[in-house]
1. Got a sec? What order do Asp414, Asp405 fall in by accessible area at 1.4 Å, biggest, i.e. largest, first?
2. Collect residues whose amide H, placed 1.01 Å from N in the peptide plane, falls under 5 Å from the amide H of Tyr133; neighbours closer than 5 in sequence don't count.
3. To the nearest 10 square angstrom, how much accessible area does Thr132 have with a 1.4 angstrom probe?
4. Starting from the residue with the highest accessible area, list Ile346, Ile176, Ile66 in decreasing order, probe 1.4 Å.
5. Given springs between every Cα pair under 10 Å in a Gaussian network model of the chain, which of Gln162, Gln110, Gln198 has the largest fluctuation?
6. So how exposed is Arg97, as accessible area in Å² (1.4 Å probe, rounded to 10)?
7. So what is the calculated 222 nm ellipticity per residue for the chain, using -39500 (n - 2.57) for each DSSP H run with n of 4 or more, over all residues, to the nearest 500 deg cm²/dmol?
8. Can you list the HN-Hα couplings for the stretch 85-99, worked out from phi with the Karplus curve (6.51, -1.76, 1.60; θ = phi - 60°), rounded to whole Hz and with x for Gly and Pro?
Amino acid sequence: MADVMDNTVSLCKRKGFIFQSSEIYGGLNGCWDYGPLGVELLRNIKETWWRAMTYREDIEGLDASILMHPRVWEASGHVDNFTDPLVDCRSCKARFREDLLSDEQRSAGQCPTCGNKEVLTEPRAFNLMFKTYVGPVEEDGSRVFMRPETAQGSYVNFLNVQTAMRHKLPFGVAQIGKAFRNEINTRNFLFRTREFEQMEMQYFVRPGTEDEWYEYWKEERWKWFATIGIPTRKLRWCEHEQLAHYARAAVDIEYEFPFGWGEIEGVHNRGDYDLTQHEKLSGKSLKYFDDASREKILPSVVETAMGASRACMVCLVDAYHEEEVEGEKRVVMRFHPRVAPLKAGIFPLVKRDGMPEVARKITADLRSHYPVFYDERGAIGRRYRRMDEVGTPFCITVDSQTLGDETVTVRERDSMAQDRVPIADLRDQISRRMEAWEMPLN
Ligand code: GAP
């Protein structure tokens, strides 16, 4: 299983999905760069989420700033509570999260790196927020935080959105954006990083109805993973036993990564914790005036919170497959076409007889609708394999028959089956096949 992880990471670099940040300087721990194909994959995931979450009557989009007034983070509880217990090894100087040590290591004070016993310090609360300064003077009064979640931007804008869009309860505010956490240990590629992107939605509801909306959003979010091609059998629920400082109830959707089960998304019943806190610290009312009952209401919040970068990692490890075809290893990324970075590869069988010109024309036509790749180099089999390795669902080949009857072959990535399609129908056919694409979900 660990091989899947290593192979995925190595393919990601080789094929331009993910690069280590500042690699030529030795890298920066917990930071990754999305290459030409990675950025398309990530955008497709975010687009799928955005459509599902905001192209509906009751949810609006928002893009709040990363830097916010520092009191926001006092109100939210992050200044006091957003900490991990940090322990140091006195022997090899490694640092760990105490809550991630095994019971054995904890009771023996044993360092997971050097193995020495009785070398761990007492745990200290380490705040995960990155700090920086606004303006030229680095003093306490100008200190701000890089947001550790997008949610607070939605809470402080709750009344702005409600008033501008004339919403009644319930309604939601959705955001996609960067978040930063100074994690003690970054781990497992894109899984736990210091800079990452979140896709979060805050749903404001009448107090007393939060339980039913919590159930509603659990179901909606579970269903969404099928739209990016993630099989249900690789997902499970995990109820929180220990709740975050803001939560009344919380549940995670976990995915079975090669290194074990790990959280991808959380659904949280946050009650009125956040809005109450912001009222208290800002001194401003955040109550919503309900026309029907003529009363002022402080809504409760149900939140759905996912890492876009973590969802990207799920798509990458889930897509990775190796198989044997005609005695040779075939590596194929089985992305759902909706998230696949390239939708089609287009090849002239040979570089003569007008085939490149026809293939170029098809490329230009399809490229005005989605990303495609033109390739005339090497044997046709190798060109197919290169597209398989980056998960391109269709390969279109122009051959000598094309010059006579204006048809091309269309090869489907997973079955490798080929059929002939008239050039005039190509765009429609590809769109229809992408729409009808079925992944084995159970
Ligand atoms: N607003 C609530 C909130 O931020 P969270 O469970 O701390 O809740 C939500 O984070 C999601 O953000 C997680 O489920 C995970 O997918 C992603 N996430 C959190 N920390 C991350 C990290 N260090 N690296 C990558 N993704 C992370």
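The values are calculated or read from the model by the stated rules, or taken from the named source; none is laboratory data. Nothing here was measured: the structure is a model prediction, and the numbers come from that model. Don't worry about glycine lacking a Cβ; one is built from the backbone with ideal geometry, like all the others, and counts go over all protein chains shown. Ligands, DNA and RNA are stripped out before the accessible areas are found, and what is left, the full protein with its side chains, is counted by its heavy atoms. Shrake-Rupley method; radii C 1.70, N 1.55, O 1.52, S 1.80 Å.
1. Values: Asp414 40, Asp405 70 Å².
Greatest to least solvent exposure: Asp405, Asp414.
2. So Tyr133 has HN proximity to Val144.
3. 50
4. Details: Ile346 0, Ile176 35, Ile66 55 Å².
Ranked from most to least accessible, the order is Ile66, Ile176, Ile346.
5. Gln110
6. Arg97 exposes around 40 Å² with every protein chain in place.
7. Details: 14 runs with 141 residues, N = 442.
So the helix-based figure for the chain works out to -9500 deg cm²/dmol.
8. Working through the residues one at a time gives x, 9, 10, 10, 8, 6, 7, 9, 6, 5, 10, 9, 7, 4, 6 Hz.
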